[in-house]
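Down below is the structure, laid out as structure tokens.
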Amino acid sequence: MRIAVTGKQGQVVQSLLELAPAHGVELVAVGRPDLDLADPASVLPALAAARPDVIVSAAAYTAVDKAESEAELAHAVNAIGAGAVAETAAALGVPVIHLSTDYVFSGDKPSPYVETDPTGPISVYGNTKLEGELRIAAAHANHVILRTAWIYSPFGANFVKTMLRLAESRDEVGVVADQRGCPTSALDIAEAVIAIAKRLSADSSPALRGTFHLTGSGEATWAEFAREIFARSKALGGRSAHVVPITTAEYPTPARRPANSRLSGEKLAETYGIRLPDWKCSTDVVMQAILKNAI
């Protein structure tokens with residue numbers, strides 16, 4: 001199987017490149033300058049040249065706070081660009097798997113969100129990602145939209161690496177404790193994406209298409225996530241720091257974040273038999289990889 005994924009540097013793309021060979025998958029990362037989601041005309045020729053069996057739409061504008069002042073660019077990439085990827089998949093006659101976000105929800109629900117819950121993004125980023133979902137669904141029936149959240153990995157910039165960096169110069173770190181979600185390893189996402197891609201290629205059932213939630217099992221606040229990171233780091237001989245719980249109000253950002261980012265993965269488990277590992281187990285795997293590479 002040959003999978004073309006949009007983007008070259010993202011955490012999920014790097015994880016796919018890492019894991020694809022072991023699954024007998026040829027992974028082609030297609031990104032700038034050949035493919036630029038801000039330039040929809042570049043999408044079809046770049047992806048067609050990759051001759052994919054499945055397209056994974058992973059590239060996105062992910063600077064959540066910066067999007068508040070760069071709304072036009074975020075919209076061009078996350079909405080128009082995503083739609084162009086789905087249109088290309090339709091033109092090539094192949095399935096498309098699109099990565100979306102928990103930020104399409106407002107965060108007001110007291111329990112984990114399911115796929116049929118009303119959306120209501122509270123940031124520019126969330127709005128552009130939701131429009132991207134709508135464009136994907138309208139452009140190509142043979143699609144899977146995977147909403148994920150709180151992504152971390154051994155690659156790129158993420159919360160785990162930020163906490164470890166702060167621990168190098170601080171004994172104490174203030175971390176938000178009133179936002180709750182599901183930390184999700186990009187390595188786990190990549191495993192699931194490959195499994196889903198294989199099913200989509202082999203089975204035309206409509207039940208396998210549509211929107212699904214894909215997050216690590218279990219839940220945590222950012223402060224609880226940070227405590228686990230430091231506990232694992234200390235156990236592995238790395239740096240640690242004391243976590244001081246703070247409120248969202250004490251850490252203002254340009255973009256509002258959902259207080260509840262928990263997503264239920266039951267639909268994915270029932271349809272595909274896929275349930276991601278507990279986030280603490282995956283954090284341990286990622287921490288080992290990060291600290292090993294730091295030596």
- Determine whether Ala177 is over 21 Å from Ser261 (Cβ atoms), surrounded by fewer than 24 Cβ atoms within 10 Å (Cβ to Cβ), touching a residue at least 12 places away in the same chain (Cβ under 8 Å) and among the small types (Gly, Ala, Ser). no
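Yes/no per residue for (1) surrounded by fewer than 21 Cβ atoms within 10 Å (Cβ to Cβ); (2) farther than 24 Å from Gln9 by Cβ; (3) of a type in the set (A, V, I, L, M):
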position: Leu146; (1), (2), (3): no, no, yes
position: Arg165; (1), (2), (3): yes, no, no
position: Ser169; (1), (2), (3): yes, yes, no
position: Ile189; (1), (2), (3): no, no, yes
position: Ser201; (1), (2), (3): yes, yes, no
position: Ser204; (1), (2), (3): yes, yes, no
position: Arg209; (1), (2), (3): yes, yes, no
- What is the one condition in (1) surrounded by 14 or more Cβ atoms within 10 Å (Cβ to Cβ); (2) at positive phi; (3) modelled with pLDDT under 95 that Gly237 does not satisfy? (1)
- Query: Counting just the residues of the range 259-282 that are outside any helix (DSSP H, G or I) and small (Gly, Ala, Ser), which one comes out nearest to Leu200 (Cα to Cα)?
  - Reply: Gly273
- Ser233 being of a type in the set (S, T, N, Q), over 23 Å from Val12 (Cβ atoms) and part of a helix (DSSP H, G or I): yes
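Quick check, is Val193 in contact (Cβ under 8 Å) with a residue 60 or more places away in the chain, under 20 Å from Ile246 (Cβ atoms), buried (at least 18 other Cβ atoms within 10 Å of the Cβ) and touching a strand residue (DSSP E or B) at 6+ places or on another chain (Cβ under 8 Å)?
So Val193 fails the test.
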- Message: Looking at Leu92, Leu99 in this structure, which one is of a type in the set (A, V, I, L, M) and farther than 19 Å from Trp279 by Cβ?
- Response: Leu92
- Query: Of all the residues that make up the range 156-191, how many are at pLDDT 95 or above and assigned to a loop (DSSP other than H, G, I, E, B)?
  - Reply: 6
- Can you tell which of Asn158, Asn142, Asn127 is of a type in the set (S, T, N, Q) and either surrounded by 22 or more Cβ atoms within 10 Å (Cβ to Cβ) or without any contact (Cβ under 8 Å) to a residue 60 or more places away in the chain (or both)? Asn127
- Message: For the structure I just gave you, tell me whether Leu200 is under 23 Å from Asp53 (Cα atoms) and either among the basic types (Lys, Arg) or assigned to a helix (DSSP H, G or I) (or both).
- Response: yes
- Task: Any residue in the range 54-74 that's within 15 Å of Ile136 (Cβ to Cβ) and touching a residue at least 24 places away in the same chain (Cβ under 8 Å): show its pairings with residues that are polar (S, T, N, Q) and crowded, with 24+ Cβ neighbours inside 10 Å at Cβ separation under 8 Å, as long as the two are six or more apart or on different chains.
- Result: Ile55/Thr6; Ile55/Thr88; Val56/Thr6; Ser57/Thr6; Ala58/Thr6; Ala59/Thr6; Ala60/Asn78
- If we scan the range 211-222, do we find a residue that is among the β-branched types (Val, Ile, Thr), in a loop (DSSP other than H, G, I, E, B), in contact (Cβ under 8 Å) with a residue 24 or more places away in the chain and crowded, with 19+ Cβ neighbours inside 10 Å? yes
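The values are calculated or read from the model by the stated rules, or taken from the named source; none is laboratory data. Note that the structure is a prediction, hence the values are computed from the model and not measured. Here the Cβ is made from the backbone with ideal geometry for all residues, glycine too, and neighbour counts use every protein chain on show.
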